[in-house]
Amino acid sequence: MRVLFGFIIGVAVTIAGAYAYDSSTGRTANSLSTASAGGQAPMVNWDVVSNDWQDFKANVRTTTEDIEQKFKQHS
């Protein structure tokens, strides 16, 4: 029973998080054009989520490589 309740809570938190992010960034699907939200569609669009995830991974990889190079310069 706890596992089922945990899954339900997890799904609810995920949906609430996506909605909160979209609302705070102006990306909600409120009948406005995507130009009014800075040209970005809501996060509930899987293509947008995929692009955001790829951008995040690329930024983390770049930052990690920069940190590694700085450590190598100091040693």
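The values are calculated or read from the model by the stated rules, or taken from the named source; none is laboratory data. Just so we're clear, the structure is a prediction, and the values are computed from it rather than from any experiment. Because the Cβ atoms are built from the backbone with ideal geometry, glycine has one as well, and the counts that use them run over all protein chains shown.
Condition first: in a helix (DSSP H, G or I), at pLDDT below 60 and either closer than 25 Å to Thr14 by Cβ or not assigned by TED's automatic domain parsing to the domain that holds Ile15 (or both). Now tell me which residues in region 28-73 satisfy that. If the condition is that a residue be in a helix (DSSP H, G or I), at pLDDT below 60 and either closer than 25 Å to Thr14 by Cβ or not assigned by TED's automatic domain parsing to the domain that holds Ile15 (or both), then Thr34, Ala37 are the ones that fit. Assess whether Ala16 counts as being modelled with pLDDT of 90 or more, of a type in the set (Gly, Ala, Ser) and either in a helix (DSSP H, G or I) or surrounded by 10 or more Cβ atoms within 10 Å (Cβ to Cβ) (or both). It is false that Ala16 is modelled with pLDDT of 90 or more, of a type in the set (Gly, Ala, Ser) and either in a helix (DSSP H, G or I) or surrounded by 10 or more Cβ atoms within 10 Å (Cβ to Cβ) (or both).
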